[in-house]
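These notes concern the structure reproduced below.
A short reminder: the numbers here are calculations on the coordinates, not readings from a lab. What you see is a predicted model, and the numbers here were worked out from it, not measured in a lab. Cβ placement follows ideal geometry from the backbone for every residue including glycine, while neighbour counts extend to all protein chains displayed.
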Amino acid sequence: MHQFIEFMARKIYIGRLPSTVSDQQIHDLFKTVGGVLSVRLIKESSQKDMYGYVQMSSDEETRKAIRTLDNTILDGTRILVVEAHFLDQERPVSYQWKKRPPMRR
């Protein structure tokens, strides 16, 4: 379990990505601050922008990437770079995009 927590602590959420950005562009951007283990971009059909996750090779590199790259302008759009938050082991969720539960009448 301890290894799982360390593994998750190195995940970074990237929000407000322009739909024109590629995995390689994100990899190259984050590589400037440290070792990148993985990049995963997600585009939902109802949204014009994308979001994604980057996994860095160490906790220090994760913190450095967040400090350095948050609010960076990428293809004319200011991106959000924060630590990824997880509700459970399977499903990452950005704190910014959580949906409210339905209202009861």
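Computed values, structure above
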read-out	value
Built amide H within the under 5 Å cut-off of T72, gap 5+	I79
Neighbour-limited loop hits for GluC sites (Glu not before Pro), segment 8-89 (at most 14 other Cβ within 10 Å; DSSP other than H, G, I, E, B)	E44
FRET E, pair T32, H85, Förster distance 22 Å, beta-carbon r, rounded to 0.05	0.35
For segment 55-72, Karplus couplings with θ = phi - 60° (6.51, -1.76, 1.60), whole Hz, Gly/Pro x	10, 9, 7, 8, 5, 5, 5, 5, 4, 5, 4, 5, 4, 7, 9, 4, 6, 5
Table column - 3J(HN,Hα) (Hz), segment 19-30, Karplus curve with 6.51, -1.76, 1.60, x for Gly and Pro	5, 8, 6, 10, 4, 5, 4, 5, 4, 5, 5, 6
Amide hydrogen neighbours beyond the local backbone of E83, cut-off 5 Å, H modeled	Y13
